[in-house]
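Below you'll find the structure, written out as structure tokens, and then a few comments.
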Amino acid sequence: MNIPAEFENMRSFQDSEVRGAIKTLLNDPSFVKIVRKMVKGVPIWALKLYTMRFNTVNGFQTGMIYPILKKILRTATTGFSADFDALPKGREDFIYLSNHRDIVLDSAFLDYVLLLDNKYSVEIGIGNNLLIHPWIETLVRLNRSFVVNRSATAAELLESSQQLSRYIRFVIEYQKRPVWLAQREGRAKDSNDRTQKSVLKMLTMSGPDDMSISQRLQSLHICPLTISYEYDPCDWLKAAEFQMKRDNPGFKKSKQDDLINMKTGIWGYKGHMHYQVAQPIDNEIAALDESVPRNQFLDQVAAIIDKHIFKGYRIYPCNRIALDMLNGDNSQSAYYTEQDKKEFQEYLDGQLGKIKIPNPDWEYLKERILTMYANPLINQLSVL
């Protein structure tokens, strides 16, 4: 299928471009240096011979990306589970709109599930703020990612959002492929996952003129996806960032900070992971009153998405312990043991011990980490 030229600089790579993209990667010294660290003992010429075997995106993913994901599951988790039973069978034209825990792995493990179980992969939206080096952009576009312009000026923002909306609709309606999007720009660092109305506004910017806002959203078949990590390896980094921003409102992460977050998120300990998908919310959107103001309508759609994401959380003992520690009571103690509590306290102390910032406010930092683990439970209890 021909892809409109307007998407040339943002779209994912096609099968015909795989070999050229791989050559570009293997000729990049920065990429080769990283690969040498990951596959110690394997001569680079052997890797090049192996990699050049691939001439399709799916082949590259299954041959190069998924062995890395399997290694992460083996070395950095205690298990991984996924429940996609709510999806209609025989279809792929969905938007998986999910909460956002990890910069890289959230969408990568969704792709892992879909390709291995259903033999198709998902198009992934990734912000251009994360494309710190040229090889990163090549790699992610080779891995079915499309680029979301997060550096657009105010004057460029409308056209950039319209183009993104058109591309997502093209993938779903014409390519009949699924798309993954985070429910908000950037991770919810306190794990209080709320759908940003701006994401929904962007999705309504494409489609025939005679389509209502409700119909435009229904036609994209939004499936709320809940991603649960037992432990967030970046919790200490997020807590430190909270204090840095509290003490200096103008604080902004550097590119090096982003790289540290990505590396920590990928290889750090996560405990158990679970993915829970809800059925498309087309009928729930159709049941809403379209006569209300646009912003109010989108607020109602966001509330539907949030409700499904909250219901989908996998709640672990650490979530319940964190809530009790925040509240100073034992309201959740029936769901965990004293050993669970001891292990979580040791984990918490270890994560706090990693923080190296000027004038650390330990009580504040501890409260920030506890809040990250308590919020999924707080939100789930609010909809049960």
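All of the numbers you see were taken from the coordinates with simple rules; none came from a lab. Here the structure is a predicted model, which means the values were calculated and not measured. Neighbour counts run over all protein chains shown; Cβ positions are idealised from the backbone, glycine included.
Rounded, prolate or oblate: which fits the chain, taking a ≥ b ≥ c as square roots of the Cα gyration tensor eigenvalues, rounded meaning a/c under 1.5, else prolate when a/b beats b/c?
Here the chain falls in the oblate category.
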Exercise. Out of TYR167, GLY63, VAL199, whose Cα points farthest toward the positive end of the dipole of region 62-221 (charges: +1 Lys, Arg; -1 Asp, Glu; placed on Cβ)?
Worked result: GLY63
Seminar exercise, completed: If every Lys and Arg gets +1 and every Asp and Glu gets -1 at its Cβ, then about the Cα centre the chain yields a dipole, in debye to the nearest 20, of 1480
For this session: Using per-residue counts of other Cβ atoms within 10 Å, averaged over each peptide, order 120-130, 168-178 from highest down.
Result: 120-130, 168-178
Exercise. Assuming R0 = 30 Å, what is the FRET efficiency of GLN345 and LEU384, from their Cβ-Cβ distance, to the nearest 0.05?
Worked result: 0.65
For this session: Quick one: of LYS48/LYS252; LYS197/LYS245; LYS176/LYS255; LYS23/LYS354; LYS197/LYS354; LYS33/LYS366, which pairs are farther than 32 Å apart, Cα to Cα?
Result: LYS48/LYS252; LYS176/LYS255; LYS23/LYS354; LYS197/LYS354; LYS33/LYS366
Exercise. For the chain, modelled as a Gaussian network with Cα springs under 10 Å, which listed residue fluctuates most, SER206, SER333, SER214?
Worked result: SER333
Seminar exercise, completed: With the 8 Å Cα cutoff and a minimum separation of six or more residues, the chain has a relative contact order in percent of 21
Problem set entry | Low-density loop cleavage sites - trypsin sites (Lys or Arg not before Pro) in region 213-300, where at most 12 other Cβ are within 10 Å (DSSP) | LYS252
For this session: Return a whole-number percent for the relative contact order of region 201-350, with Cα pairs under 8 Å and 6 or more residues apart as the contact set.
Result: 29
Seminar exercise, completed: In this structure, the FRET efficiency calculated for ILE68 and ILE355 from their beta-carbon separation, with R0 = 30 Å, to the nearest 0.05, is 0.60
Exercise. Magnitude of the Cβ-charge dipole of region 99-200, K/R +1 and D/E -1, about the Cα centre, nearest 20 debye?
Worked result: 160
Problem set entry | Normalised contact order of region 1-127, rounded percent, pairs of Cα under 8 Å and 6 or more residues apart | 21
For this session: Putting +1 on Lys and Arg Cβ atoms and -1 on Asp and Glu Cβ atoms, find which of PHE94, ALA286, SER254 reaches farthest to the positive end of the dipole of the chain.
Result: SER254
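Could you give the length gained by full extension between GLU159 and ASN55, i.e. 0.36 nm per residue of separation minus their alpha carbon distance, to one decimal place?
Numbers: separation 104, 0.36 × 104 = 37.44 nm, distance 3.39 nm.
Full-extension gain reported as 34.0 nm.
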Problem set entry | Among the listed pairs LYS270/LYS356; LYS238/LYS270; LYS201/LYS263, those beyond 25 Å (Cα-Cα) | LYS201/LYS263
For this session: Please give the peptides 51-63, 297-309 ranked by average Cβ packing (other Cβ atoms within 10 Å per residue), highest first, as a rough proxy for protection.
Result: 297-309, 51-63
Seminar exercise, completed: Placing each pseudo-label 7 Å from Cα in the direction of the beta carbon, LYS263 and ASP299 end up separated by a distance in nanometres of 4.4
Exercise. At a Förster radius of 30 Å, what calculated FRET efficiency corresponds to the Cβ-Cβ distance of GLU367 and ALA5, to the nearest 0.05?
Worked result: 0.05
Problem set entry | region 6-113: GluC sites (Glu not before Pro) in DSSP coil with no more than 11 other Cβ atoms inside 10 Å | GLU8
For this session: Rounded to the nearest 500, what is the 222 nm mean residue ellipticity of the chain from helices alone, with -39500 (n - 2.57) per DSSP H run of 4+ residues and division by all residues?
Result: -15500 deg cm²/dmol
